[in-house]
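To start, the structure itself, in structure tokens.
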Amino acid sequence: MSGHLKGKIINPEAHFEKPKEVVQDDALSHDEKKKTLNTWEQDEQQLLTASNEGMPGSNEGVRKDDHNRLGEVVQAKDKIGEKPKQKSSQ
């Protein structure tokens, strides 16, 4: 796996603006898309937990929008036939 692909998997928000872009990336295999979205889902869960506990996220104020992308990650995973790791409370 090239360093660029590995970077996409371990830090998807640095490479993709939205989770659906992961689904549309032809450079990634199905398994790589799954791993990338799993990473993104975990990151969003952690941000959501931190914000619910009143702790600022590490990139708070950096995003153009303030909403959590967990729902978008779940939708993207569904498009490739994957289920979310946990049931979201949405």
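The values are calculated or read from the model by the stated rules, or taken from the named source; none is laboratory data. Since we're looking at a predicted model, the values are computed, not measured. Every residue, glycine as well, gets a Cβ built from its backbone with ideal geometry; the counts of neighbours run over all protein chains shown. Each accessible area value is taken on the protein alone, full model and side chains, heavy atoms only, with ligands, DNA and RNA left out. Shrake-Rupley method; radii C 1.70, N 1.55, O 1.52, S 1.80 Å.
Per-structure values
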quantity	calculated
Residue tally, condition open to solvent by less than 50 Å² (accessible area, probe 1.4 Å) and at pLDDT 85 or above, over region 73-87	6
Candidates N52, N38 - the one that is closer than 17 Å to K85 by Cα and either free of Cβ contacts under 8 Å to residues at least 12 places away in the same chain or crowded, with 16+ Cβ neighbours inside 10 Å (or both)	N38
One residue from D26, D43 being free of Cβ contacts under 8 Å to residues at least 60 places away in the same chain and within 17 Å of K79 (Cβ to Cβ)	D26
Every residue from region 6-22 that is in a helix (DSSP H, G or I) and open to solvent by 30 Å² or more (accessible area, probe 1.4 Å)	K6, I10, E13, A14, H15, K20, E21
